[in-house]
1. Can you compute the modelled spin-label distance between A:Ala163 and A:Asp128, with each label point 7 Å from Cα toward Cβ, in nm?
2. Based on the alpha-carbon gyration tensor of the range A:303-346 and its eigenvalue square roots a ≥ b ≥ c, which shape applies: rounded if a/c is under 1.5, prolate if not and a/b is larger than b/c, or oblate?
3. For the pair A:Ala55 and A:Arg377, what calculated FRET efficiency results from E = 1/(1 + (r/R0)^6), where r is the Cβ-Cβ distance and R0 = 22 Å, to the nearest 0.05?
4. So which lysines pass the test for A:Lys320, namely a Cα distance under 24 Å, with those fewer than 8 places away in the same chain ruled out?
5. Once fully extended, how much extra length lies between B:Arg349 and B:Arg317, figured as 0.36 nm per residue of separation less the alpha-carbon to alpha-carbon distance?
6. May I ask you to report, in nm to one decimal and beginning with the shortest, the distances from B:Asp342 to the same position in the other copies, taking label points 7 Å along Cα-to-Cβ?
7. Round to the nearest 10 and give me the degree value, 0 to 90, for the angle of helix B:5-15's Cα axis relative to the longest principal axis of chain B.
8. Name the longest site-free stretch of chain A, where the excluded sites are trypsin sites (Lys or Arg not before Pro) in a DSSP loop with no more than 15 other beta-carbon atoms within 10 Å.
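Where a number appears in this text, it was derived from the coordinates with a stated rule and is not lab data. Only a predicted model underlies this, so the values are computations on that prediction, with no experimental measurement involved. FYI the Cβ positions are ideal-geometry reconstructions off the backbone, even for glycines, and counts take in every protein chain you see.
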Number of protein chains: 2
Amino acid sequence: MVLNLFAFFLIQAQENIGGTTTQIRSPVKHEDGSVSFHLHAPNAQTVQLVGNWMASSPDSVIVMSQDARGVWSATVDSLPSDLFLYYFVLDGLRINDPSNVYQIRDVSQVFNYFITEGEPADFFKTQDVPHGTLVKLWYPSQIEGESRRMTVYLPPGYHEQHADYPVLYLLHGMGGDEEAWPTLGRVSQIMDNLVAKGQIAPMLVVMPNGHTSNQAAPGYSARGEYPIEFRTPDVGSGVMESTFMEVVDFIENSFRVKKDKKHRALAGLSMGGSHSLFIAAANPDVFDYIGLFSAAFRLTDQAGLNIYDEFGKNLERQKKQGYQLYWIGMGTDDFLYQTGVDYRNRLDRLGMEYMYHESEGGHTWSNWRKYLIEFSRLLFKD
Amino acid sequence: MVLNLFAFFLIQAQENIGGTTTQIRSPVKHEDGSVSFHLHAPNAQTVQLVGNWMASSPDSVIVMSQDARGVWSATVDSLPSDLFLYYFVLDGLRINDPSNVYQIRDVSQVFNYFITEGEPADFFKTQDVPHGTLVKLWYPSQIEGESRRMTVYLPPGYHEQHADYPVLYLLHGMGGDEEAWPTLGRVSQIMDNLVAKGQIAPMLVVMPNGHTSNQAAPGYSARGEYPIEFRTPDVGSGVMESTFMEVVDFIENSFRVKKDKKHRALAGLSMGGSHSLFIAAANPDVFDYIGLFSAAFRLTDQAGLNIYDEFGKNLERQKKQGYQLYWIGMGTDDFLYQTGVDYRNRLDRLGMEYMYHESEGGHTWSNWRKYLIEFSRLLFKD
C-alpha cells in the first residue's frame, strides 16, 4: 500500500507533456529595483525584449545578449511602480517567456507580466488582507435573446455581514470584455487593498461585457471560437447604452445592494467611457457618480438612435437632476486628449460641474488602474 | 466631437505593445476531423509539434515542414473527441503557439489547447444552455491561521430558484490547485451540459486548494510569486485530510445547500483521491458518495497522524455506517494501476462494496474529465 515516491514524479511526466525544462528563472527582480530577463535559446541568432514600458517605436526594443551556455539576458533599470507586460522576439518571432507562468490575455494576444514594488504596484498585488469574492455569472438579456456573461466583485465580508452595499458599474474599452478589468485592471486586488486601508467603502464592482455582438469573452461563448476582433459590429451602435438598465436590474435582483441613486456609480475606460456618459445622461435618476477614464467621447454620429440623438437634451436633464461627482481622467499623451478638451468645453458651456484629473502617459492600463484608485476613493461619501 | 475612426486602431497599437502579427490561424480544425498547426518562423531551422495525444517518448514529436513564406505546418488526422494540449519546439526551444489565444496553465507550465468534436468533447464546450456561476472566494482556515482560496460552481438557477442543493466536493491532484478542475477539468461546462441534458441533479461543486502549504494558486497568494513546486511539503502530512471539515462547514454556512449525508459527495483525482478516501473514512456520517479517480491510495505511512494510523478502523466504521456509492475509476495504463488492484483487494477482504470503472489510458485529465461525467451521473438519486 505504500506508494513509491518516485512514481509521483512520473505523474508530472505522464500528464504534463514534458517540454525542454531548464532551470532558468525569468524575470528576476533585484533588490535595487532592476529586473533581469533570461531565455535559454542556444540556437537563436537574435533575441529582443519588448515591454510596455518602452516607447512603441520599432527601435525601442532591447537587444538581449547571449552567454556561453546559450542563455540570452537583459537587465532593465529603475522601472516605475506598476504592472508591466512584455514578450521576447526570437529571430523575428514573437514568443512569450517560457519561464514565466504569469500571463494575461489582452484582446487576442497573451503577454507575460510582472509587478514591481511600491505604490501603486502594491495595490495590484494580493496582500495579507481580507479578500473579496470574484463571481463569473450569466444573466438573461434582451440582446439577441441570449444570456450574457459578466464578472462581479463582492467586497470582503459580503458573505458574513448581511449588509446592503453600493455598486460601481465598471466598463471596459474596445479591446476588452468581462475579463479585462479583473485581469489587466486588477480589480479584486485594488478593491481589497483600498478597503483594508479604509480608503474606500466596501462596494460591489460589476463588470459586464460591453460588446453586444459577443455574449462572452473568447473561450466562454456558446458561439465557439469566433474570430477575436478589436472593432466588433456593435461599436457605435448604441445597443450597449440603450439596454444597460437590464444589467442594473439584474444586479439589484440578485445581490444585496443599495438601490438608490446615491449608491450607484458608473465608470468606464475609452469606449466604456463613451458608454458611461451616454448611459448616465439617458438615466439621470440612476447614477450619482460618473467616471470617464480616457474616454472616447463619441464614436459616430449615427442618426436614428435616440441615445445619441437626444444626448444634448439628456445632458441638460442630467445637469438639472444633479449628481455627486462627474470625474474625468485623461493622460497628456493620450491620442484622445483633444476630444477630452472639446468635451470639457461642452460641459463648461452647459455649466455642468466636473472634476478633472490629468495624468502623465497615454491610453494605457497603467493610467486606468490609477484612475480606478483615484475615482473609487471619492465614491459613496454619505 | 466625431472621433476619427483611424484613431481607434491606434488604441490597440498604443496599449497592446504590438508584436509581429501575421495572418496565420492555428490550429485549424477541418471538416474531416483533422487538425492543422501553423507557425510563421522564416528563420527557424526546425519546428516540432508536441501534443498530449502523442506517446510521451522523445521520438513521438511531429516534425513540421516549412513553405516558401516561412510558415511551418503539420496536420494531424483523426484525433479522438477530447480537449488537447500542445506546444511547439523551435530550434530546441519550447514555445506556445502565438496564433492561439486559448491557453491553460498546468502546474508551472502554460499550454495551448483546442477541443475536437463529438462526445465527450461537446461536454467540454460552452453550449447554448443555461449556465451556472463560478465563484472564486476566500474562507477562514485554521491552517496557519490564514484565509485560503477556493472555487465554487453554483448550478444554473441558483440565483433565481431559492432551492437548497446537494454538494460535490471535488479535489485536485498533486500538480494542481483551486484553478485545476475549473480549467483543465472543464467543470462549469461539464456540469452545465449534464444539467441541460437532465443527466445529473443540479449541484454545487466545491474545489478547494489541496496543498495546505499554499493558500492559493500561483498569482493569487499573498505570499507572492512563490516557486511553483509539484511536490509541496504538505503532501502526505495529513493536514488536508484532518482539517477538511472546515471546508464543509464554510460551504454549509455560506450557500444554500442540503446539509445531510445523502446530499454530500466527495471525489478527487490522484492525490485528491487519496485525500478523499481518508476524509470519507474518518467522517463516516458525512459523505454518502465517494469517488476515487486514478487515486494515489497512500502517500506515506507517517506515524503519529491519526487520520492515517486509524484508517483501518475508520474503514470498518465507514462500512458499518454505510454509504450509497464507493466509485473507483482507473486507466489500464496508469502507473498507479497496481496500487488500485491492491486497494480493491483490501476492500474485498473487508467486504466493502464499490463500483469499479476501468478505462483505457493513463493518469490523464482526459480520463478525469470522463470520470467526472460518469461519477456525477450516479449522484443524489433520492
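1. 2.5
2. On the way: a/c = 2.92, a/b = 1.40, b/c = 2.08.
Oblate shape, in that a/c is at least 1.5 and b/c is the bigger or equal ratio.
3. My answer for the efficiency is 0.10.
4. A:Lys258, A:Lys259, A:Lys261, A:Lys262, A:Lys381
5. That works out to 10.1 nm of additional length.
6. In ascending order, 7.6 nm.
7. The answer is roughly 60 degrees.
8. Within chain A, the longest run free of exposed trypsin sites (Lys or Arg not before Pro) spans A:70-196.
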